Amino acid sequence: MSGTSATTKDAARDDEDLAYDVFARACPSRGTLEHVTGRWGGLTLGALYEGSLRFNELRRRVDGVSEKMLSQTLHALERDGLVHREAQPTNPPRVDYELTPLGRRVTERLLALIHCVEGAMDDVLAARSAYDGRRQV
């Protein structure tokens, strides 16, 4: 392993003795990483960081997500312990979703990435334009 790769690997781990390795095919952390970083998972977590939301409020906040996809996303995030679902025994039933403490910790890091990407969009769009210009030769 080169010095750069070893440094990168060390920097990516908070603890040298982690029991899980997302780069290993069978590691269960890979599925959770997919739920968090997938198109709808990251947006759902980000929206819930703002506070507890009902299903339709969350659906409006995460523009473009279908009811089916949001439902599947919430189930996966709840199963991973990142989202808490609270059903109120009212008529009609009221269901609220909020981040768990683990979900808040994960989402804080995710939001840092989101803000980094948003802040770099001028550079990204310039790079895309340059790339597309070279490809049309």
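The values are calculated or read from the model by the stated rules, or taken from the named source; none is laboratory data. As the structure is a prediction and not an experimental result, all values here were calculated from the model. A quick note on method: Cβ atoms are made from the backbone with ideal geometry, for glycine too, and the neighbour counts reach across all protein chains shown. Protein only, heavy atoms only, side chains kept; ligands, DNA and RNA dropped before computing areas. Shrake-Rupley method; radii C 1.70, N 1.55, O 1.52, S 1.80 Å.
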- Query: Which ones in region 52-105 are in contact (Cβ under 8 Å) with a residue 40 or more places away in the chain, open to solvent by less than 30 Å² (accessible area, probe 1.4 Å) and in a loop (DSSP other than H, G, I, E, B)?
  - Reply: 82
- Considering only region 106-124, state which residues are without any contact (Cβ under 8 Å) to a residue 60 or more places away in the chain and touching a Phe, Trp or Tyr at 6+ places or on another chain (Cβ under 8 Å). 108
- Task: Could you please find all residues in region 32-51 being touching a residue at least 40 places away in the same chain (Cβ under 8 Å) and either surrounded by 13 or more Cβ atoms within 10 Å (Cβ to Cβ) or part of a helix (DSSP H, G or I) (or both)?
- Result: 32, 35, 36, 37, 42, 45, 46, 48, 49
